[in-house]
């Protein structure tokens, strides 16, 4: 393979990895293949479809990624493109092995391992790329301990692949749920707010948003420790889920801040839901055997309704402003904007 | 308020002129671009009309694909904003019929729908949609798409 092509494949691979990171897409073999193809520019239809998704700020969730893969990589027509992609993906790996060939004899063994892996028949799905990467990370770790002759480029590549592996684990773990509280996470909130606002724009139905923030949460952490803080977060998440209806969407927005999206709900009805949450916390407090005893947990809540045609960020901003107002007015209260 | 002028390319230029910043060298007798908003939601039509009218477009509306097709055959608009799910004739059927009609390749078609999955996007583009806007939209996101189809043509 000419050096020029190796460099080109490497550039594409780097761009693909960078894009996966930027869009918070789990770097699975299938996703890597999608973005390698996207940056290689060999498939205009794939490129246009992804450009539409990106320009619409679509969330690249699991089902979207699966659809992209099955649409553009599964049909007979696209099979050739996939074969080419898998060959190119492997060439970047072989490129790394190529560097190793010129290094110490330990590195040569490393190169042989890689070439052995690369020559395996991978079929058309790239499903084995992940195990290839795993082996590569393992081998490069072994190498780092034994040889001083590992090329800089190889170390860079191995580091990149290892980071990819870490991201993969992280991304799969928190794909749509918040790990601590079990409610939807921020990414899931972003998708839900677009979905519900789109429906409200079509139907003209009411749509409200609550932003809920735990009062003096820092004091809880400082006085009783982070484990207690985590228990408080979990308790609030459970309280929220009990207080809402089936179509409502509860999410942890970040830190000690939660959101509830309320379809078919106007301003006064949203205030009622918010008051119910506030009262439920007072009625059923978190019971922990602590010294000193845990002070009652209260929340401040901001509420605002969606105005179709307004940017979503403006709506979220108004809700946040209402929350800030509730805090400023003395906390443990609801404010409608 | 100045009409939207296709040959100026960027919508931004015209937008500035609306905000009171005079754009230099504009045609003294421009022909406004026309737009057909096709959506069964009167709220969506109202929001889109306000944005297009603000840009100086000549605006017409249709509540389904069949009405839109009749209007197009009567007179082709420059831009069609097109919903997907509508009674009588949906957006994709309209698009297929439009592209087969005489002069029907000329209008820039921007799909505007709550459908966000890969399959819908891919089918829209494959059948001749120029752009794809996901609901909810606002002035900024609609103008960004408009900008794409105007500069691209």
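The values are calculated or read from the model by the stated rules, or taken from the named source; none is laboratory data. Only a predicted model underlies this, so the values are computations on that prediction, with no experimental measurement involved. Cβ atoms come from the backbone with ideal geometry, glycine included; neighbour counts cover every protein chain shown.
Quick notes on this structure:
- Residue among B:102, B:93, B:115 that alone is under 16 Å from residue B:63 (Cα atoms) and surrounded by fewer than 24 Cβ atoms within 10 Å (Cβ to Cβ): B:93
- Looking only at region B:130-152, and only at residues there that are at the interface with chain A (Cβ under 9 Å from one of its Cβ atoms), in contact with a helix residue (DSSP H, G or I) (Cβ under 6 Å, 6 or more places away or on another chain) and surrounded by fewer than 24 Cβ atoms within 10 Å (Cβ to Cβ), the one that is farthest from residue A:198 (Cα to Cα): B:139
- Residues that are outside any helix (DSSP H, G or I) and either outside the structural domain of residue A:54 (by TED's automatic domain parsing) or farther than 19 Å from residue A:58 by Cβ (or both) within region A:1-29 comprise A:1, A:2, listed in sequence order.
- Yes/no for residue A:17 being crowded, with 18+ Cβ neighbours inside 10 Å, more than 14 Å from chain B (Cβ to nearest Cβ), modelled with pLDDT of 80 or more and within 17 Å of the chain's Cα centre (by Cα): yes
- In region B:55-63, the count of residues that are in contact with a strand residue (DSSP E or B) (Cβ under 9 Å, 6 or more places away or on another chain), within 24 Å of residue A:195 (Cβ to Cβ) and within 14 Å of chain A (Cβ to nearest Cβ) is one or more.
- Considering A:263, A:308, A:285, A:268, the condition of being modelled with pLDDT under 95 and in the same structural domain as residue A:240 (by TED's automatic domain parsing) is satisfied by A:285 alone.
- Here region A:281-294 is the region considered, the condition is being assigned to a loop (DSSP other than H, G, I, E, B) and without any contact (Cβ under 8 Å) to a residue 60 or more places away in the chain, and the residue that is farthest from the other protein chains (Cβ to nearest Cβ) is A:291.
- Residue list for region A:200-221, filter: surrounded by 16 or more Cβ atoms within 10 Å (Cβ to Cβ), over 26 Å from the mean Cα position of the chain (by Cα) and more than 14 Å from chain B (Cβ to nearest Cβ): A:215, A:220, A:221
- The sole residue among A:322, A:303, A:269, A:274 that is away from chain B (no Cβ under 14 Å), surrounded by fewer than 17 Cβ atoms within 10 Å (Cβ to Cβ), within 30 Å of residue B:135 (Cβ to Cβ) and touching a residue at least 24 places away in the same chain (Cβ under 8 Å) is A:269.
- Subset tally (residues that are under 25 Å from the mean Cα position of the chain (by Cα) and over 25 Å from residue A:195 (Cβ atoms)) for region A:222-257: 10
- Condition check for residue B:88: more than 10 Å from the chain's Cα centre (by Cα) and buried (at least 18 other Cβ atoms within 10 Å of the Cβ): no
- Restricting attention to region A:31-67, the residues that are at the interface with chain B (Cβ under 10 Å from one of its Cβ atoms) and within 24 Å of residue A:8 (Cα to Cα) add up to 7.
- Count of residues meeting criterion [over 30 Å from residue A:197 (Cβ atoms), more than 17 Å from the chain's Cα centre (by Cα) and outside any loop (DSSP other than H, G, I, E, B)] in region A:30-58: 6
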